[in-house]
1. Which length gain, in nm to one decimal place, applies between residue 337 and residue 211 when the Cα-Cα distance is subtracted from 0.36 nm times their residue separation?
2. Could you check the simple spin-label distance between residue 246 and residue 226, using points 7 Å along Cα→Cβ, in nm with one decimal?
3. Classify the range 172-307 as rounded, prolate or oblate, taking a ≥ b ≥ c as the square roots of the eigenvalues of its Cα gyration tensor: rounded when a/c is under 1.5, otherwise prolate if a/b is larger than b/c and oblate if not.
4. Rounded if a/c is under 1.5, else prolate if a/b is larger than b/c, else oblate: which is the range 378-446, with a ≥ b ≥ c the root eigenvalues of its Cα gyration tensor?
5. Taking H as built 1.01 Å from N, whose amide H comes closer than 5 Å to the amide H of residue 400, not counting residues under 5 places away?
6. So, for the chain, what is the accessible surface per residue at a probe of 1.4 Å, expressed in square angstrom?
7. Using the Cα centre of the chain as origin and beta-carbon charges of +1 (Lys, Arg) and -1 (Asp, Glu), tell me which of 366, 310, 51 is placed farthest towards the positive end of the dipole.
8. Return the distance in nm (one decimal) between the two label points of a simple spin-label model at residue 254 and residue 523, each offset 7 Å from Cα along Cα→Cβ.
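The values are calculated or read from the model by the stated rules, or taken from the named source; none is laboratory data. Note that this is a predicted model, so its numbers are computed, not measured. Cβ placement follows ideal geometry from the backbone for every residue including glycine, while neighbour counts extend to all protein chains displayed. Heads up: the accessible areas ignore ligands, DNA and RNA and are worked out on the full protein's heavy atoms, side chains in. Shrake-Rupley method; radii C 1.70, N 1.55, O 1.52, S 1.80 Å.
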Amino acid sequence: MIMFGRIGVLAGAVVLGAMLAGCGGGSGAAGPPHLPDTGGEQSLEIGPLLVRAASAPGFVARDVPYPDTGITLTAVYGSEINYLAAQALLDRIVFVSDREGTVDNLWICDLNGGNPVQLTDNTATEGHPSWSRDGSAVTFERQWPGQDVEIMTINADGSGVRAVTNNALPDRHPSFSPEGRRIAFQRESAGGNNDVCLIYTNGSGFLNLTLHAAWDGQPDWSPDVTDSTLLFATDRDVPSEIYEMNDDGSGATRITDNNASDSAPDYHPSRPLYAAERWLHGNWEIVAGDVGAGDSDNYSASPGQQHSPCWSSDGRFIAYQSDLGGDYELVLQQADLPMDKFALTRNGSRDAEPDLGSPTMQTDRVIIGPPGSDWGGADPIWSSCYAGVAAWDETCYLNFVRIGLRPADLGSLSVSPLTRPAQGPGFAPAALLVEADEIVNLREDAGRGREPTVWDLDALNCTAAVLYFGITDGKLVAVMPLRDTAYPSAAGARDPVARRLEAGVLVTEGPFSAVFDAHGHNVAPDGAAAVAIDDSATVSVLR
């Protein structure tokens, strides 16, 4: 369960990779939650985060929301944290596999390849599944032994299988229209030619869109309900290229123009981009480009054969099939730099022809956890942690900063918000005061598969530090250790630093032993008394 704006308590151990229902932001500061004593590990859902602590006594999860920014900082400490994962609304993958037999049937799994469920189980060969835009149904092709290939639909729960076409001609490669009432598909004529056709999901209203002497096929419908166009592959030009046309067959326009064969196009969910497979250097590669300009980049750049690309609903990923491991397996690749690849299936069977859609709440990142528990069997950044600060907003995890303490100093840790500077125009990052008998270092999540950024405070004998976090990405902007000097820090006492906005710049005054920027560099090794942070998060020592 997730309780918006509060901390939901789940008793018992967490099953890694379990699908979780819900995600939300927080409002109002929350004190230490009451955790029932179940005699074992405890798990909490905090906004989009799932946290597992070793035991309830002493564990603290304290929210510090910043309502005018939408960001919330949650300090977690007081007990060993051995699991922290980010949840997000992520696509499911529908695909075909022969893992349970000798023919391809339909399967569904989470975006990370987990929780596979067989959707159909029969002796027919099935292929090219495609989600409806609302995620409630899948259209696909099916061929019973000795019969022609037909277009089918099925509900996402496996019920309601229905034949859309029923004739003596092979029908393949279906794609739902944005509103879900029609299906575009490829029909092979008696003479062996192929055209792009339309039909309503109830089997009525058949229309041949292309009626061309060339081979036309593999249609993909634009996700934009206000722009009813289709991409398709055709050999009107040699080699085959990608074209775009209106849903009445008019306005056919060439999109790609190169010396390589292009096929299997897929629209980006929100931008005028496409993905396709292209024959390059003796391999089929996955490329992506601009629908208007036609230029493209090689995304897969792999020595194997890659086919059937599809974008995720949020445009962050491209999924496809690859035979690098011998049999075809599913691969998920980041659409933007660093364009990391994740092998989703590794079972020695054929897993192919993926389509992404029908989002559910799933585990997006494992930041703290056992070895191999992150996507693709990767190791999380840390196996455990005793103290840290998580940054998140209403929709997603943003950042985690691990607070490094010696075991003997764990009981002295305190994390509290600083009083906000006077309101006015200017950059005012979120601010926390961290206190302990000694703070050794801070380590920040730098992204999946990357070493954390480190702020080394060991030589400073740091007992208190001001931490500034960006109000859009939750990343550390500055770390300002305070000199070991007496000041009141009990509840209700004044802040140990003074903060004000001057000409759009945040000025912080205090007895600082050092000043660190967002990259962990000490820009004031001799200390400072006044520090400025501008709206580009540049840290400057004033005196």
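1. Roughly 41.2 nm would be gained on extension.
2. 1.8
3. Judged from the Cα gyration tensor, the range 172-307 comes out prolate (a/c at least 1.5, a/b above b/c).
4. Working: a/c = 2.80, a/b = 1.29, b/c = 2.16.
The shape class here is oblate.
5. Placed amide hydrogens put 391, 445 under 5 Å from residue 400.
6. Counting only protein heavy atoms, the per-residue value for the chain is 40 Å².
7. Positive-end residue among those listed: 51.
8. 5.4
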